[in-house]
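Here is the structure we will look at.
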Amino acid sequence: MMRWFVLVVMMMAATAALAQPHKPASKPAPQAATKPAAKSPFPPPAFKITVATWGQYPPFNYLDRKGLPAGFEMDLAQEACERMKAECEFVAADWNDLIPGLMEKKFDIVMASLDVTPERRRRLGMSRRYYLSPGAFIAAKGAPFDGPPALLRNKRIGVQRDSMHADWLDRNFRRSAQIKRYPSVAGELQALASGEVDAVFGDKAQLWLWSQKPEGQCCVVMGQDIKDTPTLGIGVSAGIRREDVKLREAFNKAIGEMLSDGTYRKLNAKYFPFPLN
């Protein structure tokens with residue numbers, strides 16, 4: 001009888017439990033919706049690049065009073081960055097670190113008056129030329145050489161030893177003039193100022209810059225510009241890694257636009273009274 005009573009009580013308890021309403025699991029408290037980040041009104045830059053220069057070759061590249069890269073090449077670089085819609089950082093480095101730094105991706109463009117040479121073409125993706133300083137003669141003011149190079153026959157001509165300008169003189173004046181070779185540009189110009197030579201042949205920009213200094217007031221650049229691609233080269237280009245094809249194309253386009261719309265001419269005139277392209 002007792003067992004039957006216990007069984008009845010257990011059945012009644014189970015029936016009561018089933019009759020209780022089911023409580024749903026509690027829901028997590030709703031979280032405040034996160035607002036999307038404000039969209040910038042400015043488009044993102046097409047490139048983020050570092051432009052490196054030497055900073056020791058004025059007025060093409062030098063460091064200003066604040067120690068920042070400046071000069072003709074840096075003016076071109078800033079204008080190119082705007083046209084490429086690039087975010088650019090400008091830095092200066094030792095000459096011997098420029099190309100290794102480019103290859104190691106420390107820099108993206110090198111603008112440091114790099115002459116285009118076969119070796120650089122093999123290693124780098126050189127840009128289109130952005131300046132060319134032709135060969136030229138400099139002589140004492142009033143000297144009768146302001147004309148074709150033939151006027152310098154039988155004269156003493158100074159030139160930097162083992163340079164492309166020396167190669168050009170050898171090809172054109174070996175038998176018709178006395179060629180005197182000097183270890184540096186400074187040495188040949190000092191020889192001109194002292195009357196040791198009648199004229200000096202070299203890079204027009206360098207010769208003109210010297211003529212603007214007190215020690216160069218004796219002399220003036222004269223005669224015809226000499227442009228001879230096989231001997232004197234095709235000019236100066238920017239160094240870019242070969243694989244950065246899109247960057248090189250954008251840079252080339254920017255330089256082309258500057259040449260077409262007169263911007264290049266204005267920047268050129270800021271530093272030199274003669275064209276460099």
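In a reduced charge model with +1 at each Lys and Arg Cβ and -1 at each Asp and Glu Cβ, the range 89-146 shows a dipole moment near 280 debye about its Cα centre.
The figure for Thr229 is an accessible area of roughly 80 square angstrom, using a 1.4 Å probe on the protein chains alone. Taking every C-alpha pair closer than 8 Å and separated by at least 6 residues, the mean separation divided by the residue count of the range 180-260 gives a relative contact order of 15 percent.
Could you pull out which residues in the range 79-105 have an amide N less than 20 Å from a spot 7 Å beyond the Cα of Arg242, following the Cα-Cβ vector? Residues passing the 20 Å test: 98-105. Rounded if a/c is under 1.5, else prolate if a/b is larger than b/c, else oblate: which is the range 131-277, with a ≥ b ≥ c the root eigenvalues of its Cα gyration tensor? In terms of gyration-tensor shape, prolate. Label positions at Arg120 and Glu89, each projected 7 Å from the Cα along the C-beta direction, are separated by 2.4 nm. For the range 212-277, applying the loop criterion from DSSP together with a ceiling of 11 other beta carbons within 10 Å to the GluC sites (Glu not before Pro) yields Glu243. For the pair Arg174 and Gln78, label points projected 7 Å from Cα toward Cβ lie 4.8 nm apart. Inter-label distance, Tyr57 to Asn96: 1.8 nm, where each label sits 7 Å from its Cα along the C-beta direction.
Restricting the GluC sites (Glu not before Pro) of the range 57-155 to loop positions (DSSP other than H, G, I, E, B) with no more than 11 neighbouring Cβ atoms within 10 Å leaves Glu104.
Under a model in which nothing but the beta-carbon of Lys, Arg (+1) and Asp, Glu (-1) is charged, the range 43-143 shows a dipole of about 300 debye around its Cα centre.
The values are calculated or read from the model by the stated rules, or taken from the named source; none is laboratory data. No experiment lies behind these values; they were computed from the predicted model shown. Virtual Cβ from ideal backbone geometry, glycine too; neighbours counted across all protein chains shown. Just so you know, the surface numbers come from the protein's heavy atoms only, side chains and all, with ligands and any DNA or RNA stripped out. Shrake-Rupley method; radii C 1.70, N 1.55, O 1.52, S 1.80 Å.
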